[in-house]
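Only one structure is covered here, and it is reproduced in the block below.
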Amino acid sequence: MSKKSALVTGASRGIGRGIAIELARAGYRVAINYAGNLDAANEALGLVRAAGGDGFIVQGDVAVAADRARLVSETVQQFGRIDLLVNNAGVGPKVRADLLDAGEESFDRLFAINLKGPYFLTQLVAKQLLTQTPDSNGFRGRIVNITSISAYTASINRGDYCMVKAGLTMMTKLFADRLATQGINVYEVRPGIIATDLTSGVKEKYDKLIIHDERGITPIRRWGKPEDVGLAVRALAEDRFPFTTGSAFDVDGGFGLQRL
Ligand code: NAP
């Protein structure tokens, strides 16, 4: 049986890289998208190969329409079909600014990369998936959107980030509803606080909140790892939830629990 294939945006580093490696362990071939960090992308490809998979690297800015079209066409050219899209690429605000001062530039940047990019990439990929014949599990493909606990948690020093992540939650529901009868399930995976370059600048703050505070902000008192998110995406990629679509899966050490 031929290997399944995935397009993972922002797979050169952090969570995307962790996802690519777990997919490789599940036998997937992976299109490793990156924005500008060629060395990191090559390193990720090496790790994917070491994990028993294969793939290729593909530069592209998800905020740019022509790049999105190229990501899809190159993936189809290399693999023949797309079995899984993971919308992972994302950025935080360059400066965390109070809600009353935050500027339009940051707003526009975050909406373009974190919401407009995945929305229109999903539209393109969905059209490709609809041309594909269903696989042995009856699926034409699957789509996973990486959101965040910020989709439902207010952080008043990065409102733009919270809003785009909440938007991705709705995007998941919309595409899930639209594609459910056509053999395509759509999922949201909601990471908590994960150790990557994105959070390296606030390491001390979260070390304190997670580990050193008496109670801990998360019941499971450690930082999340990219691999933790990768394992959740892998379960979805392996069709462990065939009767579920439009739902969110928390990978957050219990952050979302209401505690007394
Ligand atoms: P990261 O370590 O900063 O990695 C970001 C990845 O996205 C890199 O591969 C980067 O490529 C790529 N990227 C950035 N802008 C891009 C663009 N315009 N087009 C295509 N690729 C782009 O971030 P991360 O922590 O792994 O975060 C990954 C996703 O998880 C994001 O959506 C983030 O919001 C979400 N998330 C993270 C956390 C956390 O605690 N870390 C928690 C919840 C959700 P280059 O290497 O080429 O720059």
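Coordinate-derived values only; no laboratory data. Everything numeric here is computed off the predicted structure, so don't read it as measured data. Glycine also receives a Cβ, built like all others from the backbone with ideal geometry; neighbour counts cover every protein chain displayed.
Before moving on, here are some points about what is shown:
- Computed across the chain, the Kirkwood hydrodynamic radius from all distinct Cα-Cα pairs reaches 18.5 Å.
- Taking amide H positions as modeled 1.01 Å from N, with prolines and chain starts lacking one, the residues under 5 Å from I217 and 5 or more places away or on another chain are I210.
- Reachable lysines from K205, criterion Cα separation under 24 angstrom, eight or more residues apart if same chain: K94, K165, K225
- Taking the chain as a Gaussian network of alpha-carbon nodes connected by springs under 10 Å, the highest mean-square fluctuation of the residues K94, K225, K116 belongs to K94.
- Radius 11 Å from Cβ of A237, net charge of other residues (Lys, Arg +1; Asp, Glu -1): +1
- Cα shape, the stretch 102-190, gyration tensor, a/c 1.5 rule: prolate
- Distance in nm between pseudo-label sites at T244 and D39 (7 Å out along the Cβ direction from Cα): 3.9 nm
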